Amino acid sequence: MDLSQIQVLVGKESGPIRAPDEVSTSDIRHWRELMEGKKEFWNTDVTPPPMTMAWAMDRLWPKKVEATEPHEQVLQAFDDAGYTLTVGIALAQEYSNPIRLGDQLTFKVKVVSISPTEEETKLGKGYRVSLLYTFSNQAGDVISMQTYTILKSHRLEMVS
Amino acid sequence: MAPEINNVYWEDVEVGQDLPQKSRDIDTTLIVSGAIWASHDFMPVHHSRDFAQEKGAPDIFMNILTSNGLMASYLEQWAGPEAELKRMQVGLQVPNFPTEGNKMDMNARITRKYEEAGNHLIELEISGDNNLGPHVVGSATMALPAKG
């Protein structure tokens, strides 16, 4: 698929994608250590809700070889056209149910919008792609809906 | 000595109230660990200086999940263990680079206070500023414990 065709994928949603692991103490600890939250302030059975997206990030290995889901096809089309950089620029998260230790998350990704043409942004020229992630637990309860907006670009232009 | 745990109660906060500012030093370790270790983001602009510079950035820079997480932690550490984060929305402006002496100053102001479906809620405007200007701007909704 090339860039002239990708707008047909707007509104299309993936099937359920399974997180690679159950929610574990080490995942939560890594997050908590980085954020420097005092231990007394943690509910250790519950994941900090802003962490949810960490279970939906691409794995280091094995690489997914074929883009099958709508959002994967969008990102692949940009990669193929040389827009290989992906930088998150906005995130809106709503948390409706807690994520507990041992939960097995699944998520679906819907393509919400794609810039019709290349735009000027604070990070340089590129296309904005907004994706709606819906996370559920093993009981089927929706735990969070998150709109993640990324910039796909060739090259960054930044002030320093 | 055990650290003191303070819960902030809904009755004790007011619209217009500013949270105490907190700052976080921005260095390479925080940016790389935040991307790879905490949020599983392997885009090389967040861990490889050579790659970032080849692509036009002056240095590696923080990923959005780390910025969002630091702001959430700032709110959670202010409010105490019984508070619950319900919603967050952030947009990034100038990047967080690991420049010598760089830090992010985190601030928040309460903009609304209301009850809904048995929850005692506040809305906040949030911001994190670095040596170049505003890095993260957004809003959040939290449920606070009530005295009853």
Top positive-direction residue, dipole computed over segment B:21-143 with Cβ charges, set B:ILE122, B:SER23, B:ALA83: B:ILE122
List of segment A:134-156 residues, accessible area with partners at least 10 Å² below that of the chain alone (1.4 Å probe): A:TYR148, A:HIS154, A:ARG155, A:LEU156
Tell me which residues come under 5 Å, amide H to amide H, from B:LYS103 once H is placed; ignore anything under 5 positions away on its chain. B:ILE26, B:ASN131
More than 19 Å apart: what percent of Cα pairs in chain A qualify? 59 percent
Tell me the accessible surface of A:ILE150 in square angstrom (1.4 angstrom probe, heavy atoms of protein chains only), to the nearest ten. 10 Å²
J(HN,Hα) series, segment A:47-64, from Karplus relation 6.51 cos²θ - 1.76 cosθ + 1.60, nearest Hz, glycine and proline x: 7, x, x, x, 6, 3, 5, 4, 7, 10, 6, 4, 7, 5, 7, x, 5, 6
Have a look at A:ARG18, A:ARG29, A:ARG100 and tell me which one the Gaussian network model of chain A (Cα, springs below 10 Å) gives the largest fluctuation. A:ARG29
Please report the antiparallel percentage of the DSSP beta bridges confined to the protein assembly as shown, to the nearest 5. 100 percent
Hydrodynamic calc, chain B: Kirkwood Rh from Cα pairs, then Stokes-Einstein at 10 °C with viscosity 1.306 mPa s, so D in µm² s⁻¹ is 97 µm²/s
Please list the radius of gyration and Dmax for the protein assembly as shown, considering alpha-carbon atoms only, with Å as the unit. 19.3, 63
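Classify segment A:77-150 as rounded, prolate or oblate from the Cα gyration tensor: take a ≥ b ≥ c as the square roots of its eigenvalues, call it rounded if a/c is under 1.5, otherwise prolate when a/b beats b/c and oblate if not.
Details: a/c = 2.93, a/b = 2.48, b/c = 1.18.
Verdict is prolate for segment A:77-150.
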Accessible surface of A:ASP2 - all protein chains present, 1.4 Å probe, nearest 10 Å²: 80 Å²
Sort out for me the Cα centre separation of segment A:72-119 from segment B:26-88, rounded to whole Å. 17 Å
Show which lysines lie in cross-link reach of B:LYS147 when reach means a straight Cα distance below 17 angstrom and same-chain residues fewer than eight apart are skipped. B:LYS113
Charge dipole (debye, nearest 20) of the protein assembly as shown; +1 at Cβ of Lys and Arg, -1 at Cβ of Asp and Glu: 300 debye
Which cross-chain or sequence-distant (5 or more) residues have an amide H under 5 Å from the amide H of B:LYS86, H modelled 1.01 Å from N in plane? B:THR141, B:MET142, B:ALA143
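Only Lys, Arg, Asp and Glu count, each charged at its Cβ (+1, +1, -1, -1), so figure out the dipole size of segment A:1-85 about its Cα centre, rounded to 20 debye. Numbers along the way, then the final one.
On the way: 9 positive and 15 negative charges, 45 e Å.
Charge dipole, segment A:1-85, about its Cα centre: 220 debye, nearest 20.
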Can you tell which of A:GLY82, A:GLY37, A:GLY140 shows the greatest fluctuation in a Gaussian network model of chain A with Cα springs below 10 Å? A:GLY37
How large is the accessible surface per residue of segment A:1-109, computed with a 1.4 Å probe and reported in Å² as a whole number? 52 Å²
What's the angle, to the nearest 10 degrees (0 to 90), between helix A:70-80's Cα axis and the longest principal axis of chain A? 50 degrees
Helix B:64-79: inclination vs chain B longest Cα principal axis, degrees, rounded to 10, gives 30 degrees
Taking chain B as a Gaussian network, where each spring joins two C-alpha atoms under 10 Å apart, which residue of B:MET43, B:MET106, B:MET62 fluctuates the most? B:MET43
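Please arrange A:LYS12, A:LYS64 by accessible surface area, largest first, computed with a 1.4 Å probe and ligands excluded. Present the calculation step by step, with values, prior to reporting the outcome.
On the way: A:LYS12 100, A:LYS64 130 Å².
Of A:LYS12, A:LYS64, the descending order of accessible area is A:LYS64, A:LYS12.
Which percent, nearest 5, of DSSP beta bridges in segment B:21-143 are antiparallel?
Details: 33 of 33 bridges.
Roughly 100 percent of the DSSP beta bridges within segment B:21-143 come out antiparallel.
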Between chains A and B, what is the buried accessible area summed over both chains (1.4 Å probe, protein heavy atoms, nearest 100 Å²)? 4000 Å²
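Mind checking the dipole of segment A:3-153: about its Cα centre, +1 per Lys or Arg Cβ, -1 per Asp or Glu Cβ, Debye to the nearest 20?
On the way: 16 positive and 20 negative charges, 23 e Å.
That gives segment A:3-153 a dipole magnitude of about 100 debye.
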Amide hydrogen neighbours beyond the local backbone of A:THR121, cut-off 5 Å, H modeled: A:GLY126
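Sort A:LYS108, B:LYS55 by heavy-atom solvent-accessible area, probe 1.4 angstrom, most to least. Please list the in-between numbers first.
Values: A:LYS108 80, B:LYS55 40 Å².
These residues rank, largest area first, as A:LYS108, B:LYS55.
The values are calculated or read from the model by the stated rules, or taken from the named source; none is laboratory data. None of these values were measured; they are calculated from a predicted model. Neighbour counts are summed over all protein chains in view; Cβ atoms, including those assigned to glycine, are modelled from backbone coordinates with ideal geometry. Quick note on the areas: whole protein, heavy atoms, side chains included, nothing else; ligands and nucleic acids left out. Shrake-Rupley method; radii C 1.70, N 1.55, O 1.52, S 1.80 Å.
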